[in-house]
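Read the structure below first, then the notes.
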Amino acid sequence: MNNFLGIDIGGTNTAFGIVSEEGEMLYSGNVSTKDFSTIDSLAEAIKKHLESNTKESYDSVGIGAPSVSRSSGCIEFAPNLDWGDIVPLKGSFEKVFGEGVIVINDANAAALGEKHFGDAGELKNFSVITLGTGVGLGTVIDGKLMEGTNGLAGELGHLVIRRAGRECNCGNLGCLETYAGAAGIALTAKEKLEFSSGGSALMSLPPSDLTPLEIFNAARKDDPVSLEVIDSVCHDLGYALSSLINLFDIEHIYITGGIANSGNILRRKIEKHLKSYVLPNLRTKISLKISTLNQTGAGILGAVAAIKEYSKEAVS
Ligand SMILES: [Zn+2]
């Protein structure tokens with residue numbers, strides 16, 4: 001029986017877990033990504049953490065991270081990581097964990113996770129949108145993960161939704177991520193609070209506590225500024241996703257990532273705006289759901305799913 005080590009490197013946190021063949025999480029841990037000044041030190045810290053905290057063994061290693069090129073094995077120009085332009089992800093982890101490490105773009109990992117362990121199963125056409133520090137997208141079309149030439153397909157976060165809009169870490173202006181990523185949501189809240197006449201629960205929070213979680217919590221209690229912020233974010237997400245549906249006739253979309261924990265209010269509002277932009281003949285067929293894997297380490301399971309998908313290829 002094989003066990004797998006899945007690692008999910010995010011802009012804020014890096015989660016990792018040892019997972020059984022059936023997708024059962026046997027052990028999981030996490031570290032703060034920003035505590036590590038190099039990718040090598042992160043790899044070594046994960047190895048040490050596992051050695052000191054669990055006796056579970058694993059046979060192979062899969063890693064999901066932002067902006068991973070599968071062809072080079074490197075993280076390339078990731079806007080939310082501080083390790084330089086080209087980060088040798090596969091090479092660094094193979095120095096610590098041995099040959100055969102599988103690396104994949106994190107949003108593509110999420111799509112494979114949904115296919116192997118989630119609800120997508122045998123669906124031929126579906127997408128997974130990841131909402132957290134950044135915004136990513138993994139898409140399966142005609143049963144196959146859409147990777148593009150470099151394995152970087154699906155950078156939905158860098159779809160320009162406003163001309164001359166906010167400055168993005170990627171160097172462009174008006175990217176979706178600058179409005180719908182965690183920092184973008186907080187910035188929208190700050191902007192709206194400046195023009196608010198008072199009465200918002202968000203006003204009592206110190207600026208550093210103005211997180212998407214707090215904003216969604218306040219929106220659920222009908223806080224007017226929070227509701228405006230959430231509506232604006234969900235409008236932008238719906239607008240971006242409508243292009244995906246109109247272009248590729250994707251029927252099923254799963255939402256995952258830290259912000260997906262905001263649940264039904266997020267899903268309902270995105271769906272409302274999405275439907276207003278989607279072609280009439282596709283409008284009634286859309287299924288937008290919060291991924292059921294979200295509470296159980298979707299990123300880790302995605303990295304493990306990539307091992308299942310690609311390990312044969314790596315051996316050949
Ligand atoms: Zn961008």
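Screening the range 229-316 for helices (runs of 4 or more DSSP H) wholly inside it with 1 or more residues that are over 30 Å from Ser200 (Cα atoms), at pLDDT 90 or above and assigned by TED's automatic domain parsing to the domain that holds Gly10 returns the ranges 298-315.
For the subset of the range 20-36 comprising residues that are in contact (Cβ under 8 Å) with a residue 60 or more places away in the chain and farther than 21 Å from Pro66 by Cβ, which member is surrounded by the most Cβ atoms within 10 Å (Cβ to Cβ)?
That would be Gly23.
Name the strands (runs of 3 or more DSSP E) wholly within the range 46-137 that hold at least 1 residues that are more than 21 Å from the chain's Cα centre (by Cα) and modelled with pLDDT of 95 or more? First the steps, then the outcome.
Numbers: elements: 60-65, 74-76, 102-105, 126-131.
Ranges flagged: 60-65.
Inside the range 260-281, residues that are more than 23 Å from the chain's Cα centre (by Cα) and farther than 20 Å from Leu137 by Cα make up a count of 4.
Any idea how many residues of the range 153-166 are within 9 Å of the ligand (Cβ to nearest atom) and not in a helix (DSSP H, G or I)?
The first filter runs over the range 153-166 and keeps only residues within 9 Å of the ligand (Cβ to nearest atom), leaving 155, 157-160.
So of that shortlist, the ones also not in a helix (DSSP H, G or I) come out as 155, 159-160.
The qualifying residues number 3.
Here Ala303 passes the criteria (1) more than 26 Å from Ser232 (Cβ to Cβ); (2) free of Cβ contacts under 8 Å to residues at least 40 places away in the same chain except the one numbered (2). Of all residues in the range 186-230, those being loosely packed, with under 14 Cβ neighbours inside 10 Å and not aliphatic (A, V, I, L, M) number 14.
Can you give me the number of residues within the range 167-221 that are within 11 Å of the ligand (Cβ to nearest atom), under 17 Å from Thr12 (Cβ atoms) and not in a helix (DSSP H, G or I)? Qualifying residue count for the region: 2.
Only residues that are among the hydrophobic types (A, V, I, L, M, F, W, C), in contact (Cβ under 8 Å) with a residue 40 or more places away in the chain and either within 16 Å of the ligand (Cβ to nearest atom) or not in a strand (DSSP E or B) (or both): list them for the range 138-152, please.
Of the residues in the range 138-152, the ones among the hydrophobic types (A, V, I, L, M, F, W, C) are 140-141, 145-146, 152.
Keeping just the survivors that are in contact (Cβ under 8 Å) with a residue 40 or more places away in the chain gives 141, 145, 152.
Correct list: Leu152 only.
Scanning the range 84-95 for any residue that is aromatic (Phe, Trp, Tyr) and closer than 27 Å to Ile129 by Cβ turns up at least one such residue.
Mind checking whether some residue in the range 262-275 is among the acidic types (Asp, Glu), in contact with a Lys or Arg (Cβ under 9 Å, 6 or more places away or on another chain) and crowded, with 16+ Cβ neighbours inside 10 Å?
Pass one, the range 262-275, residues among the acidic types (Asp, Glu): 271.
Of the ones still in play, those that are also in contact with a Lys or Arg (Cβ under 9 Å, 6 or more places away or on another chain) are none.
For the range 262-275, residues among the acidic types (Asp, Glu), in contact with a Lys or Arg (Cβ under 9 Å, 6 or more places away or on another chain) and crowded, with 16+ Cβ neighbours inside 10 Å: absent.
Looking across the range 165-180 at every residue that is at pLDDT 95 or above and among the small types (Gly, Ala, Ser), the one that is surrounded by the fewest Cβ atoms within 10 Å (Cβ to Cβ) is identified as Gly165.
The values are calculated or read from the model by the stated rules, or taken from the named source; none is laboratory data. Being a predicted model, the structure only gives us computed values, none of them experimental. As a convention, Cβ positions derive from the backbone with ideal geometry for all residues, glycine included, and neighbour counts pool all protein chains shown.
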